[in-house]
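**Student:** Right, I'll just put the structure down here and ask away after.
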Amino acid sequence: MVVRFGSAGAPDSFYAQGYKSSLDMPAWLAAQGLNAYEYQCSRGVRIKEETARELGERARQYDIKLSIHAPYYINLSTEDPEKKVKTKGYILDSLRAARWMGATTVVFHPGGGPGDNRQETFKRAQNYLREILLEVKEEGLDDILLAAETMGKLNQIGSLDEILGLCSLGHPVVPCIDFGHLNAVTQGSLKTKADFAAVLDKIADALGEQILQNLHIHFSPVEFTGAGEKKHWTLKESHLYGPDFAPLAELILERRMEPVIICESQGTQAEDALVFKSIYEKLSEEK
Ligand SMILES: [Zn+2]
């Protein structure tokens, strides 16, 4: 079983060691003992084809599984014609960059608030995603998974139910379960193994075992208020904010899952991913 652990973007330590280019990340991550890298296009898809192809080469050389985080500006439920065109563009451009690098997954935020009628807003998002998928298919980009991420704030479309609803459109839409967000938006509901198990069961019931087995996961401590997510922290403060990785690690082992786990801790995403990895490895030695 291969459980992969990796970093969202490059951590502070990478830059502190004098590195500047993401092209150096695959070798750097491999040297740390990590094997996944989520390339950040969160502020726009600006990577050139040549660079993307080179990054892909190096990732394969060092056995680093690549994914891309699509721009934050995506808003599937918008009614503004201009924003709709842009939203589609962000998704297609991310997929094209993924194709160049050989990334298997593009993670995206559905975007937008709930509006006056949350259910209607969600339906609009789902319908627009369905429309975009036609073009994705036409362009032959539908072998890359589009992972809709669970969001951290109450006033954002992206609750677990809404994400599963988007995934009901079927391939290539899958969930990206951000447990830090999920914990924040549910006021710290993820504490025990049973709490995590309920989430995994819900995914399997809605989308099948296959999707659960290969789940794309974001995990990092997220501070929250009554409105949900406030700030991403690092494992140094995780005792304050949670969630705890150990219960999830136990379930991953028991259910023989092979997820990719990307850590989004503020600045220490590689170091914290290594902590998760060691928790998982220690548990698997005990079993
Ligand atoms: Zn995200």
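The values are calculated or read from the model by the stated rules, or taken from the named source; none is laboratory data. Predicted model, so just to flag it, every value in this text is computed and none were measured. Heads up, the Cβs are rebuilt from the backbone with ideal geometry, glycines too, and the neighbour counts pull from every protein chain shown. With ligands, DNA and RNA removed, areas are computed over all heavy atoms of the protein, side chains included. Shrake-Rupley method; radii C 1.70, N 1.55, O 1.52, S 1.80 Å.
**Student:** Please report, as a whole percent, how much of the solvent-accessible surface of the stretch 4-286 comes from carbon and sulfur atoms (probe radius 1.4 Å).
**Tutor:** So the carbon and sulfur contribution to the accessible surface is 48 percent.
**Student:** Continuing with the same structure: May I ask you to order 166-172, 180-186, 154-160, 217-223 by the average number of other C-beta atoms within 10 Å around their residues, highest value first?
**Tutor:** 180-186, 217-223, 154-160, 166-172
**Student:** Among the trypsin sites (Lys or Arg not before Pro) in the stretch 170-222, which ones are in a DSSP loop with at most 15 other Cβ atoms within 10 Å of the Cβ? Mind listing them? Kindly include the intermediate steps, with their values, before the conclusion.
**Tutor:** Details: sites: LYS191, LYS193, LYS202; in loops: LYS191.
Counting only loop positions with at most 15 other Cβ atoms within 10 Å, the trypsin sites (Lys or Arg not before Pro) in the stretch 170-222 are LYS191.
**Student:** Going by accessible area, probe 1.4 Å, with all protein chains left in place, what is the ranking of LYS231, LYS236, LYS84, largest first? Can you show the working numbers first?
**Tutor:** Details: LYS231 85, LYS236 155, LYS84 65 Å².
These residues rank, largest area first, as LYS236, LYS231, LYS84.
**Student:** Taking +1 at the Cβ of each Lys and Arg and -1 at the Cβ of each Asp and Glu, which of GLY226, ALA194, LEU95 sits farthest along the dipole of the stretch 4-286 towards its positive end, judged by Cα position relative to the Cα centre?
**Tutor:** LEU95
**Student:** Around VAL107, which amide H atoms from residues at least 5 apart in sequence, or from another chain, sit under 5 Å from its own amide H, with H modelled in the peptide plane?
**Tutor:** It is ILE68, HIS69, ALA70, ALA147, by chain and number.
**Student:** If you don't mind, there's one more thing I want to ask. Run the simple label-point estimate for GLU79 and LYS193 please: 7 Å along Cα→C-beta, distance reported in nm.
**Tutor:** Reported label-point gap for GLU79 and LYS193 is 4.9 nm.
**Student:** Given points 7 Å out from each Cα along the Cα-Cβ axis, report the LYS137 to GLN61 separation in nanometres with one decimal.
**Tutor:** The answer from the label model is 3.9 nm.
**Student:** Once ligands and nucleic acids are excluded and a 1.4 Å probe is used, how much of LEU134 is accessible, expressed in Å² to the nearest 10?
**Tutor:** Estimated to the nearest 10 Å², LEU134 gives 120 Å².
**Student:** Arrange the residues TYR15, TYR90, TYR72 by how much accessible surface each exposes, largest first, with a 1.4 angstrom probe.
**Tutor:** Sorted descending by solvent-accessible area, the residues read TYR15, TYR72, TYR90.
**Student:** Given the C-alpha centroids of the stretch 4-23 and the stretch 83-134, what is the distance between them in whole angstrom?
**Tutor:** After rounding, the separation between the Cα centres reads 27 Å.
**Student:** Pulled fully out, how much extra length does the chain show between ASP205 and SER168, if you take 0.36 nm times their separation in residues and subtract their Cα-Cα distance?
**Tutor:** Here the segment from ASP205 to SER168 would lengthen by 12.2 nm.
**Student:** Would you mind telling me the antiparallel percentage of the DSSP bridges in the chain, rounded to 5?
**Tutor:** Working: 5 of 35 bridges.
Taking every DSSP beta bridge within the chain, about 15 percent pair in antiparallel fashion.
**Student:** Please give the Cα centre distance for the stretch 204-253 versus the stretch 33-60, rounded to the nearest Å.
**Tutor:** 24
**Student:** How big is the charge dipole of the chain about its Cα centre, in debye rounded to the nearest 20, if each Lys and Arg gets +1 on its Cβ and each Asp and Glu gets -1 on its Cβ?
**Tutor:** Roughly 320 debye, rounded to the nearest 20.
**Student:** Quote the accessible area belonging to TRP233 in square angstrom, nearest 10, computed with a 1.4 Å probe and with ligands, DNA and RNA left uncounted.
**Tutor:** Looks like 60 Å² after rounding.
**Student:** Mind checking which lysines have their Cα closer than 20 Å to the Cα of LYS65? Skip sequence neighbours fewer than 8 apart in that chain.
**Tutor:** LYS48, LYS277
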